[in-house]
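Comments concern the structure below.
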Amino acid sequence: MKKYRVGIVGMGFIGCAHADALHRLGNVEIAAVCDEADMSRRKQIIQDAAVYRDYKEMFEKEQLDAVHICTPNKLHFPVAKEALKRGIAAVCEKPFTWSLAEAEELAELAEKGKVPNYINYCNRFYPMVRELKSRISKGALGELISAEGGYWQDCLLYDTDFSWRMLAENSGKTRTIGDLGSHWFDLLEHLTGQKVTAVLGQFKVQYSERKRSLGYHEMFKKQEETGCMENVAVDTEDMANVLFKMDNGAVGNAMFSQMCAGRKNELWINLDGTQASFNWNLEKPEELRIGKRGEGVLISRKDAETLDEAAMAFAGYPAGHTEGFADAIYHGFRQFYDSMEKGKDAAVYADFQDGCRSMLLNEKIYESACKEQWVRI
């Protein structure tokens, strides 16, 4: 088995999650990391990896097979482009890029150079999500009639909560849609095999100004209000609601917000078909709710005795042993690095073309919200 030398650019919350998953693979060595912050507090995670402040220097000095790009998305394009030019496989966080034009350029570069590429839509890799996809592919849903759902958190509820994503110069035109909505719509299209064809978006900014700590601050951790804070104007949406139409005639709606008190990481999706309805919730990842008229609601749980073989391929532990966020990331990376050697034929991970699709949806939802009218995709 080939062992891959990998670099990580950006060692914040998600960069550390990538590192944890990579350590579990066995055929991947984290050879180097790149971040502007002091890496002494990350020593347990990065272990003996070389530390750089400049990703170009890291690419020049390290013989890397792949790079994981975990920076704010305004930096995804330059880092990924440099990697692709050198033939280094690129694993990129979402949203893919700052703009659709950047996404399309990277996808074209990757295709021309035949460089392996990956977007971290990790929700595809929960066992019950794969079970749902298998059931839909076998006709259990029937014809899709409608889809509902959302993605809710409360980490930005107060005006003293701040993230780099607040500023369009870092995140692009959208924030909540780019951060949360991209996950949800990727899951919707991945599960159903249908495409969104039109959107009607509505944005709301709850706080036009927020307080930002002048010191170091991590996402998902509350800032304490002190004298060392500054007021910053916010130019991206705090929440968004989207009505949509799909290419088979199905309709739907979804709500996205990081201001829902008590909701920590609740992505939920409900699919209504002519034969059944299916509901999956990220905060209860091992359950799939199945509704049938005249039969009530069945709750199916991860279990090797009842699940599809494809779903069990994403289950690393026995029934009753809950798998979550870290495990989903691990299974996605496992599939990607396996495909580097064996090919992508049976893989279901998202690639740069999927990233372009997400960026197109982001921009069309933004356009719709600005125009206050339906926009076709």
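Hey, can you tell me all the residues within the range 94-143 that are touching a Ser or Thr at 6+ places or on another chain (Cβ under 8 Å), of a type outside the set (G, A, S) and open to solvent by 10 Å² or more (accessible area, probe 1.4 Å)?
Across the range 94-143, the qualifying residues are K94, W98, P116, I136, E143.
Within the range 163-191, track down each residue that is assigned to a helix (DSSP H, G or I), of a type in the set (S, T, N, Q) and surrounded by 19 or more Cβ atoms within 10 Å (Cβ to Cβ).
S171, T176, S182
Could you list, in sequence order, all residues of the range 17-32 that are closer than 19 Å to L75 by Cα and surrounded by fewer than 21 Cβ atoms within 10 Å (Cβ to Cβ)?
Hit for the range 17-32 is A17, nothing else.
Just a yes or no: is a residue in the range 344-362 touching a strand residue (DSSP E or B) at 6+ places or on another chain (Cβ under 9 Å), of a type outside the set (G, A, S), farther than 25 Å from G15 by Cα and modelled with pLDDT of 95 or more?
yes
Can you tell which of E82, E36 is acidic (D, E) and modelled with pLDDT of 95 or more?
Step by step, each of E82, E36 is checked, and only E82 is acidic (D, E) and modelled with pLDDT of 95 or more.
What is the residue count in the range 1-16 for residues that are open to solvent by 20 Å² or more (accessible area, probe 1.4 Å) and within 17 Å of the chain's Cα centre (by Cα)?
Residues that pass the stated criteria total 3.
In this structure, does R53 turn out to be of a type in the set (K, R), surrounded by fewer than 20 Cβ atoms within 10 Å (Cβ to Cβ) and out of contact with any helix residue (DSSP H, G or I) (no Cβ under 7 Å at 6 or more places or on another chain)?
yes
Return the total of residues in the range 245-293 being in contact (Cβ under 8 Å) with a residue 24 or more places away in the chain, assigned to a loop (DSSP other than H, G, I, E, B) and open to solvent by 10 Å² or more (accessible area, probe 1.4 Å).
Selection size over the range 245-293: 14.
Go through the range 172-223 and count every residue that is farther than 18 Å from I269 by Cβ, modelled with pLDDT of 95 or more and of a type in the set (A, V, I, L, M).
Going through the range 172-223 one residue at a time, the tally reaches 3.
Taking the range 1-29, which residues are in a helix (DSSP H, G or I) and within 21 Å of K94 (Cα to Cα)?
F13, I14, G15, C16, A17, H18, A19, D20, A21, L22
Given the condition surrounded by fewer than 11 Cβ atoms within 10 Å (Cβ to Cβ), among the acidic types (D, E) and more than 27 Å from Y118 (Cα to Cα), answer yes or no: does some residue in the range 309-328 qualify?
Checking the range 309-328: not a single residue is surrounded by fewer than 11 Cβ atoms within 10 Å (Cβ to Cβ), among the acidic types (D, E) and more than 27 Å from Y118 (Cα to Cα).
The values are calculated or read from the model by the stated rules, or taken from the named source; none is laboratory data. Not measured: the values here are computed from a predicted model. Here Cβ is always computed from backbone atoms with ideal geometry, including for glycine, and neighbour counts include all displayed protein chains. Calculation scope for accessible area: heavy atoms of the full protein, side chains included, ligands and nucleic acids excluded. Shrake-Rupley method; radii C 1.70, N 1.55, O 1.52, S 1.80 Å.
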